[in-house]
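Below: the structure, in structure tokens.
The values are calculated or read from the model by the stated rules, or taken from the named source; none is laboratory data. What you see is a predicted model; the values in this text were computed from it and never measured. Every residue, glycine among them, receives a Cβ derived from its backbone with ideal geometry; neighbour counts consider all protein chains shown.
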Amino acid sequence: MTAIVGLVHQGTVHLGGDSAGVAGYSLTVRADVKVFTNGPYAMGFTSSFRMGQLLRYSFTPPAPMGQSVEKWDDVPKFMATHFIDAVRETLKTGGWLKKDSEREDGGTFLVGVCGHLFRIDSDFQVGEAADGYAAVGCGDEIALGALYATAKSRMAPHRRVRLALEAAERFSAGVRGPFALVEATS
């Protein structure tokens, strides 16, 4: 239960997340945030706080062949290969990766880097929405509606992210503030 919201604006990826920790009908407003930066990456997770802790504190994001992130030629290809391989290894080492019939299962999170916003699904597929924004968690559809409704506005990107989170909090029982925001510049 969560709302993680991201959008790309003029080469910067803006991410925001709520603070709900939900188990059944119990809700805890968590002090540990669901959005953070790790090197040049902005990340926001749903699925499990343990997965998020591994991504934040144990994961060492790869840099391609010693180049700076600004020089990456094919960011989607790099994310689907080197980045995902490193994520899978971190989750495996940290005891979070699940394996069933030789198929691995992780969790769902957003990653922003180099002016791109990616959705990583539990099967480790890497997706990039053509709209330039994405959301994950139980409040994702509500947040996406708010992002769509403000897409042609002159509203500042951080305000659009916050508004999408506020809409998700208003209409989803699994989303609660306070909200945290981070960004990754290209």
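Out of 141, 169, 183, one residue alone is in contact with a strand residue (DSSP E or B) (Cβ under 9 Å, 6 or more places away or on another chain) and part of a strand (DSSP E or B). It is 183. Among the criteria (1) touching a residue at least 40 places away in the same chain (Cβ under 8 Å); (2) within 12 Å of residue 7 (Cα to Cα), the one residue 159 does not fulfil is (1). One residue stands out in region 103-132 among those that are buried (at least 19 other Cβ atoms within 10 Å of the Cβ), at pLDDT below 95 and part of a loop (DSSP other than H, G, I, E, B): the one that is nearest to the chain's Cα centre (by Cα), namely 107. The condition (being closer than 15 Å to residue 44 by Cα, in contact with a Gly (Cβ under 8 Å, 6 or more places away or on another chain) and touching a residue at least 60 places away in the same chain (Cβ under 8 Å)) is satisfied by just one residue among 115, 139: 139. Output the number of residues of region 138-156 satisfying the condition of being touching an Asp or Glu at 6+ places or on another chain (Cβ under 9 Å), crowded, with 19+ Cβ neighbours inside 10 Å and closer than 24 Å to residue 114 by Cβ. Count: 2. Within region 64-80, not a single residue is modelled with pLDDT of 90 or more and hydroxyl-bearing (Ser, Thr, Tyr).
Remark: residue 126 matches the filter, which requires a residue to be free of Cβ contacts under 8 Å to residues at least 60 places away in the same chain and β-branched (Val, Ile, Thr).
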